[in-house]
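Remarks on the structure that follows.
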Amino acid sequence: MAQRTRSQQADRIRHLLETEGEAIHTHASASNARRYETYGATDDIEALRAEARSIKEDAIDRLPDLIDTVKNAVEANGGTVYVADDAADANAYVSEVVRTETEENGIAGDGDTPSVVKSKSMTTEEIDLNDALEADGIDVTETDLGEWVLQVADDTPSHIVGPAMHLSRPEIAELFNERFDPDEPFETAEELTRFARDHLGERIRAADVGITGANFVVADSGTITLVTNEGNARKCAVTPDTHVAIAGVEKLIPTLSDLEPFVDIIAKSATGQPISQYVTMLSPPTDSPTLDFDDPDEPITGDWESAEAASADGNATGDRDFHLVLLDNGRTDMREDDQLRETLYCIRCGACSNSCANFQSVGGHGFGGETYSGGIATGWEAGVHGQESAAEFNDFCTGCTRCVDACPVKIDIPWINTVVRDRVNRSGDPESYDFLVDGLTPDVEEGGLDPGKRFFGNIGTVAKAASATAPVSNWLADAGPVRGLLERTLGIDRRRDLPAFQRESLVDWFEGRGGPEASSRRAERAAARENGADLDREVVLYPDVYTNYVDTDRGKAAVRTLEALGVPVRVPDLPESGRAALSQGMIATADRQASKLYAALAEDIDAGRDVVVVEPSDLAAIHREYERLLPERSVEQLRTNSYEICEYVYGLLENGADPSALSTGDGAEPVAYHSHCQQRTLDLEAPTVAVLERCGYAPETSDAECCGMAGSFGYKREFYDLSMDVGERLAGQVEGAETVVASGTSCGDQLETLLERDVPHPIELLAPGEYRT
Amino acid sequence: MTADTVGRFERALEGLEVGLERVSAADARERIETIAQEPAVGAPLPFEGVSLPESVTTEPTSAELEAARTGVTPVGFAIAEYGTVAVESTATGAEPISLYPERHVAVVAESDVVPNISAGFDRLAEGFADGRDSVVFATGRSATADMGDLVHGVHGPGDVHVIVLEDR
């Protein structure tokens, strides 16, 4: 947001929602749904993902060796390898190849301008190859239909896989009718495609040079793999007698057998197809005859018998020329960067974009940088174009983690986003208004951190102060002038309801009713009534900021439920988990908080107590992010001994606790349940569903990826409209249900705003004593 | 290969709207002639006792390739799991002949239909070792959704037929 003000950013998002949102959502969500289906139908999907990741880890580790290997292999085949340091270097080399080629062989077709046909390649977008070639007087035609539409429209890709995803059929038809003025105006996709096939077919037949990217490059055989559905990459590669393939150095994999898992998984993750129409594996120069359409009467195969003989001893037919351009452009530095290295494992399938609720609303023109878009784009842009380009859109990532399950090579994309956010924070200039949050923010961050981020990153301290002064603080916060100030200084949108802080925190309530001793007595009584499981467990309920100060009801419900099932509870005053700080990219603050929380819980864990967490994002911090912050043994201790509340209740019921001690339904009582993004990534939706079912409810789960609120995101003025757009999709799924429950704080808040009714945590439905709205 | 594998191949192709016919080597020529709409071009078939019909032009000129409605090629092997045929880049032009015309007729020996992608990669590796190191896994018909709806037959064929030679 360094380049734009909040209101400019808000305007831009609103514009994208209106102009491109619908087309993007239609296509991205359909690909995402197909991915679920295909992943679900693939028995060994997890093994496949693990294998793909391990091959990439190994390949990036051995990258310098693989570059030498592929050089030898391609040269032995009769081709050339050029390693380009940066965009200018790569472009100059390709331009020179085209010039030399046309000087030697003359210009194909009728014109006197050298011509190039290209198949879709994000790497050539990254280096702006088309502009560079055109500046050198070379005619360039994109042959992938989506890319060609963009070339005609003078537009840029909005998705790694579906570059023209943001344009609808009528928009494309209008563009083509205007540009090509056909006798009969184009209307259907069929007509448009037919026209494109004929038009581009001519270009391909007359081209001097064909340029492709490469999805994978097998180092030891020099095999270029191109994955497409249209067939244009094959035509570009084998029709002209010169083929140039351009690939980032990270596309190298060691051997042919390493290719198998990628061929198997790339289409599944990208479009949800079991396999793409064409997986082209070329070890150029190939034996395939070149096609000279200027000489229509000459057999294409020439004297193929002698050509066969020639190829039998390993030599190509001789009239083919092949160049592999391997692009560095920052990748070697990314390899040295412990946090960005994982980005290089990316196979550019776009699954992270498709699974992202925010991307589904605004697309890559909002959620992207100079070239790359979607979740993984932060890593790419920071690596190849620099932090400024990544800063533009980094805050679109809410850290929901839905892309973590989607990524075929298991890249921790939200972590890369957090790291880049942290680096962007530190590069900023100190702003005014800092004094406003100074008193409330005991963080250890340096540099000109955005005051809004500092505020949300220290929400625990804010909540503590607000609770101490409630209800005055609530009245104040709702007052018009204060909302105006909050909006101007911290960027908190005034249309958003603020959380109402409770005067009595959950910790105080718990102490007030007798603390751990009283809790033990209650649990014992329940056990005596044979409601409890005979488990001899004891629970430390983690009072996250929201449960402790705002929605104390869900904390009380958790305590009552556990006691009714025979488990004594403690609710000590515990430090923040660091989740809020991480959301703002404040890694140093989160690190400090994680250490404090571990220290505060260590004795309980040693005493054999279980840590039970109500807020899924706090549990996710402990289970996922702490491995980046704490020593391995500490993380293992915490991970093994901490549970989500409904997961824990599920365990108790499985071990003999009697659900009749809880508030149960009649067996068919419908409940719409929205799990929580991070909770789903942790596979914790199923236990909640199972508990609801065991307790006599008929839960229906939502399949919207996210509620659109995702912590502080929805409060921020620039993201308000986007947050509501995403939220409305979820609300649309659940609004018909009489009872709606949600596990996450943000999800509940968002649904309450949109549905204008109470949306409790499932534990509030289950706790003894009827839930009252 | 077992009939079961061919059955699986057939079901996968059905899902892709690609027809499969099992014929004996003796009947292949006649079947190909029926399926190949003229003008047709082809790459010679390497199966014993099977030859292309007269109506299929081998060693086509570029003009004949451009005008052809059908391209007939052998394929090295097929993968039943996905309904994939492996088209090799040969000096006889199998790659462009399978790609340029609107209809592709792929001829495969039943013994070359392998069950899954893993077995396919084993075959691929054997081919690479023998110098056949440029291969296309072609699955179904060329397709795009870039113009707003799914359309088949974009740069490649919109119509594919597979002939399995039962006794080869």
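The values are calculated or read from the model by the stated rules, or taken from the named source; none is laboratory data. As the structure is a prediction and not an experimental result, all values here were calculated from the model. Cβ placement follows ideal geometry from the backbone for every residue including glycine, while neighbour counts extend to all protein chains displayed. For the accessible areas, the whole protein counts, side chains as well, though only heavy atoms, and no ligand, DNA or RNA atoms are used. Shrake-Rupley method; radii C 1.70, N 1.55, O 1.52, S 1.80 Å.
Yes/no per residue for (1) closer than 17 Å to residue A:572 by Cβ; (2) at pLDDT 95 or above; (3) open to solvent by less than 30 Å² (accessible area, probe 1.4 Å):
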residue: A:507; (1), (2), (3): yes, yes, yes
residue: A:512; (1), (2), (3): yes, yes, no
residue: A:516; (1), (2), (3): yes, yes, no
residue: A:526; (1), (2), (3): no, no, yes
residue: A:529; (1), (2), (3): no, no, no
residue: A:542; (1), (2), (3): yes, yes, yes
residue: A:548; (1), (2), (3): yes, yes, yes
*Go through the residues of the range A:57-65 one by one and say whether even a single one is out of contact with any Asp or Glu (no Cβ under 9 Å at 6 or more places or on another chain) and not in a helix (DSSP H, G or I).*
yes
*Would you tally the residues in the range A:707-723 being open to solvent by less than 10 Å² (accessible area, probe 1.4 Å) and touching a strand residue (DSSP E or B) at 6+ places or on another chain (Cβ under 6 Å)?*
0
*For the range B:99-116, what are the residues that are open to solvent by less than 10 Å² (accessible area, probe 1.4 Å) and either at the interface with chain A (Cβ under 8 Å from one of its Cβ atoms) or in a helix (DSSP H, G or I) (or both)?*
B:99
_Looking at the range A:690-706 only, could you name the residues that are within 30 Å of residue A:494 (Cα to Cα) and either open to solvent by 20 Å² or more (accessible area, probe 1.4 Å) or in contact with a Gly (Cβ under 6 Å, 6 or more places away or on another chain) (or both)?_
A:703
*Checking residue A:89 against (1) open to solvent by 50 Å² or more (accessible area, probe 1.4 Å); (2) more than 26 Å from residue A:406 (Cβ to Cβ); (3) charged (D, E, K, R), the condition it does not meet*: (1)
*Filtered residues of the range B:125-159 (kept if facing chain A (nearest Cβ under 7 Å) and over 30 Å from residue A:171 (Cβ atoms))*: B:125, B:128, B:131, B:133, B:134, B:135, B:136, B:137, B:138, B:139
_I need a count of the residues in the range B:36-49 that are more than 23 Å from residue A:291 (Cα to Cα) and crowded, with 16+ Cβ neighbours inside 10 Å._
1
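Condition check ((1) away from chain B (no Cβ under 12 Å); (2) farther than 25 Å from residue A:32 by Cα) across all residues:
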| residue | (1), (2) |
| --- | --- |
| A:204 | no, yes |
| A:209 | yes, yes |
| A:227 | no, no |
| A:234 | no, yes |
| A:249 | yes, yes |
| A:258 | no, yes |
| A:271 | no, no |
| A:293 | no, yes |
| A:299 | no, yes |
*Do the conditions hold for residue A:265, that is, is it surrounded by 24 or more Cβ atoms within 10 Å (Cβ to Cβ) and within 25 Å of the chain's Cα centre (by Cα)?*
yes
*For the range A:459-467, does any single residue satisfy the condition of being at pLDDT below 85, in a loop (DSSP other than H, G, I, E, B) and surrounded by 15 or more Cβ atoms within 10 Å (Cβ to Cβ)?*
no
*Out of (1) touching an Asp or Glu at 6+ places or on another chain (Cβ under 8 Å); (2) outside any loop (DSSP other than H, G, I, E, B); (3) more than 7 Å from chain A (Cβ to nearest Cβ), the odd one out for residue B:121 is which?*
(3)
*asked:* Under 7 Å between Cβ atoms, which residue pairs at least 6 apart in sequence (or on different chains) link something in the range A:461-485 that is free of Cβ contacts under 8 Å to residues at least 24 places away in the same chain and closer than 13 Å to residue A:548 by Cα with a partner that is assigned to a helix (DSSP H, G or I) and among the aromatic types (Phe, Trp, Tyr)?
replied: A:462/A:455
*Answer with yes or no whether residue B:49 is on the phi > 0 side of the Ramachandran plot and out of contact with any His (no Cβ under 8 Å at 6 or more places or on another chain).*
yes
_Go through the range A:117-142 and report how many residues are open to solvent by less than 20 Å² (accessible area, probe 1.4 Å), outside any helix (DSSP H, G or I) and out of contact with any Asp or Glu (no Cβ under 7 Å at 6 or more places or on another chain)._
6
*Could you list, in sequence order, the residues of the range A:31-56 that are open to solvent by 40 Å² or more (accessible area, probe 1.4 Å) and either part of a helix (DSSP H, G or I) or among the basic types (Lys, Arg) (or both)?*
A:33, A:34, A:36, A:37, A:40, A:41, A:46, A:47, A:50, A:51, A:53, A:54
*Just give me the residues in the range A:653-676 being within 15 Å of residue A:558 (Cβ to Cβ) and buried (at least 22 other Cβ atoms within 10 Å of the Cβ), in sequence order.*
A:657, A:662
*Of A:290, A:332, which residue is modelled with pLDDT under 95 and β-branched (Val, Ile, Thr)?*
A:290
*asked:* Test of understanding: among A:30, A:10, A:76, A:50, which residue is of a type in the set (A, V, I, L, M, F, W, C) and free of Cβ contacts under 8 Å to residues at least 60 places away in the same chain?
replied: A:30
*Hits in the range A:319-351 - residues which are open to solvent by less than 10 Å² (accessible area, probe 1.4 Å) and either among the aromatic types (Phe, Trp, Tyr) or part of a helix (DSSP H, G or I) (or both)*: A:322, A:331, A:334, A:343, A:344, A:351
_Suppose the filter is crowded, with 24+ Cβ neighbours inside 10 Å and not in a helix (DSSP H, G or I); does residue A:566 pass it?_
yes
*Output the number of the condition that residue B:52 fails; it satisfies all remaining conditions of (1) within 26 Å of residue A:283 (Cβ to Cβ); (2) open to solvent by less than 30 Å² (accessible area, probe 1.4 Å).*
(1)
*Inspect the range A:542-549 for any residue being in contact (Cβ under 8 Å) with a residue 40 or more places away in the chain and part of a loop (DSSP other than H, G, I, E, B) and give the result as yes or no.*
yes
_Unique match (being away from every other protein chain (no Cβ under 12 Å) and not small (Gly, Ala, Ser)) among A:160, A:172_ = A:160
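Every residue, every condition in (1) crowded, with 20+ Cβ neighbours inside 10 Å; (2) modelled with pLDDT of 95 or more, yes or no:
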| residue | (1), (2) |
| --- | --- |
| B:126 | no, yes |
| B:136 | yes, yes |
| B:146 | yes, no |
| B:149 | no, no |
| B:154 | yes, no |
| B:162 | yes, yes |
*Could you pull out the residue among A:10, A:59 that is of a type outside the set (S, T, N, Q), crowded, with 20+ Cβ neighbours inside 10 Å and within 26 Å of residue A:717 (Cβ to Cβ)?*
A:10
*Given B:88, B:64, B:81, which one is within 22 Å of residue B:34 (Cα to Cα), open to solvent by 20 Å² or more (accessible area, probe 1.4 Å) and either at pLDDT below 95 or acidic (Asp, Glu) (or both)?*
B:64
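Okay, residues lined up against (1) at pLDDT 95 or above; (2) in contact with a Gly (Cβ under 6 Å, 6 or more places away or on another chain); (3) among the polar types (S, T, N, Q):
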{"position": "A:305", "(1), (2), (3)": "no, no, no"}
{"position": "A:309", "(1), (2), (3)": "no, no, no"}
{"position": "A:321", "(1), (2), (3)": "no, no, no"}
{"position": "A:326", "(1), (2), (3)": "yes, no, no"}
{"position": "A:340", "(1), (2), (3)": "yes, yes, no"}
{"position": "A:343", "(1), (2), (3)": "yes, yes, yes"}
{"position": "A:350", "(1), (2), (3)": "yes, no, no"}
